[in-house]
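Coordinate-derived values only; no laboratory data. Since this is a predicted model, take the numbers as computed values, not measurements. As a convention, Cβ positions derive from the backbone with ideal geometry for all residues, glycine included, and neighbour counts pool all protein chains shown.
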Amino acid sequence: MKNSVYLVFCLGIFSASYRAYGMPSPDDDYNNDDIINDDLVDDYDDEPKMVSRNENYTVAVGATVSLPCKIEGEDPVVQWTYSDSKREKKPVRLFFGTHRQEADHRIYLSADFTLTISNANLKDSGQYKCILGFKNVTENELNSVMYYVRVGAPTPKIAAMRPANSQTLMIGQPMTFMCEGQGKHKLDVYWLRELKYLNRNETINSREIKYDKVKPEHAGRYTCVVKNRDGKDMKTVDLIVLAPPVMSAERRVVTTSENFESELKCISAPNNEKIEVTWYRDGQQIIPNDKNYFVNVNGDDKSVKQYTLRIIPTKKNDLGTYECTGVNKYGRNSSVIMLIDEPLPPVLLSGNPSGDNGYVLTYMSESQIKFLNYEMAYKRQQDDDWIYEKNALGSNENVLEFSHTFKDLSPHTYEAKVRVNNLNGWSLWSEVTHFSGQLNTGHNPASSINIRKSYFPVVILLIFFFLN
């Protein structure tokens, strides 16, 4: 009995001592955060965690690169290590905590554990790791971040460019562009205008452009490009050319007829100054929107601008010579357009040998009203007199394609020209075409007609003609 009483007494003394010396009970607040029951998991401070994520860096020789090691949590301990790019050696510890482990002072650590490499060289290429914890810690994505750094040759630079600033010149003044580059490896240096390659006849070499007399078409943004396998560098400079307007007719001759609508189109090249355009007919100024004349304008002065004179309806006395005149403070320029009611002079589309020592010439013409006839004139080159032959067309097409076949040609060089007519009269003669006959009996050639109506727009046919 005495022993039992003694045991209970001792246990009471031990319990009182346990509390007296601060040994916690489940309800104690032993970390002083004013929350009881510190045995609960959520009541402990969070352990430090790595926030930064793996990345790759490519930098030039001499550059500075910073590798972040962002950590959440209190009192972290980190270490930085480096492995060469081939990973043939064991990792080298650069920092343990804030203590430097290597003597290379180009590499330093910031207070937030960011590792910075200044004046990088090729030997700095490799793998860098920031590890949270002590030196024997097991690495994972929660406690480490890895960077692969590649240090390459410096990117090329533009060493000199002339002119360095934009230039404004009057038309006719000389201008030279020059560009020089520097880089470790072989350089490719060239100029672009409006990001397009220049014509060969505009450059002395790829690094230099020389204009003896600048023209409006030389204006634009010029870009010097210096590049090699390590990268490229580009700089731009503007050339502004002050000049009178450059006016051009979309079509120098336009065919029409009475009571039809006629359109005369004039185009101005891009210009840095505002252009005032006036239309004239046979020397007399046309007042827009007066009587049957209407003027439309599309575009702006800094781009191609189109001026259209519409005549609705066309009368006989509207035929004649029209002039669109552009004026700015540097001068004036004009373009002339003829308005006629006869067909346009035929244009040769093709010429091809045919069977029986023959030759076929194919032409195209345009008329606002019905075609009636065509007249072919031909002769041997050494002869003085032309042989004329008229054939009916009878086509209502505005654009007509027709062929004429010569047969039994002698082995000589021939000349030929043709014209067409409508109710208003004959067109001008086409340009003279030369072609050769084949060996035969030597008789005078006979000819025949083959008419084909064209359903293509006149613009397409003209393009086809010039391409051939």
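Once you have a ≥ b ≥ c as the square roots of the Cα gyration tensor eigenvalues for the stretch 202-247, tell me rounded if a/c is under 1.5, and otherwise prolate or oblate according to whether a/b is larger than b/c. Walk me through the numbers on the way to the answer.
Numbers: a/c = 4.11, a/b = 2.20, b/c = 1.87.
The shape class here is prolate.
For residue 235, go through the lysines and keep the ones whose alpha-carbon is under 21 Å away, minus same-chain ones fewer than eight residues off.
Within the straight-line cut-off, residue 235 pairs with 157, 184, 186, 196, 210, 227.
Counting Lys and Arg as +1 and Asp and Glu as -1, each charge on the Cβ, what is the dipole of the stretch 172-242 about the Cα centre in debye, to the nearest 20? Intermediate values should be presented prior to the final figure.
Numbers: 14 positive and 10 negative charges, 43 e Å.
Dipole of the stretch 172-242, to the nearest 20 debye: 200 debye.
Could you give me the ³J(HN,Hα) list for the stretch 415-421, computed from phi with Karplus coefficients 6.51, -1.76, 1.60 and θ = phi - 60°, whole Hz, x at Gly and Pro?
Rounded to whole hertz, the list is 10, 8, 8, 8, 9, 10, 9.
Under 5 Å between amide H atoms, partner at least 5 residues away or on a different chain: which partners does residue 349 have, H built in plane at 1.01 Å?
Under 5 Å from the amide H of residue 349 lie the amide H atoms of 362, 363, 364, each far enough along the sequence or on another chain.
Straight distance only, please: which lysines reach the Cα of residue 274 with their own Cα at less than 20 Å, same-chain residues fewer than 8 apart left out?
Candidates past the 8-residue exclusion: 215, 265, 302, 305, 329.
I'd like the distance between the alpha-carbon centres of the stretch 393-427 and the stretch 341-379, rounded to an integer number of Å.
Going from one Cα centre to the other spans 3 Å.
List the residues, sorted by chain then number, that are 5 or more residues from residue 133 or on another chain and whose placed amide H is less than 5 Å from its amide H.
When sequence neighbours closer than 5 places are left aside, the close amide H contacts are 77, 78, 79.
Using the basic label-point model (7 angstrom from Cα toward the beta carbon), what is the residue 197 to residue 106 distance in nanometres?
The modelled label-to-label distance comes out at 4.0 nm.
Checking the cross-link filter: which lysines have an alpha carbon closer than 24 Å to that of residue 129, excluding same-chain neighbours under 8 positions apart?
49, 70, 86, 89, 90
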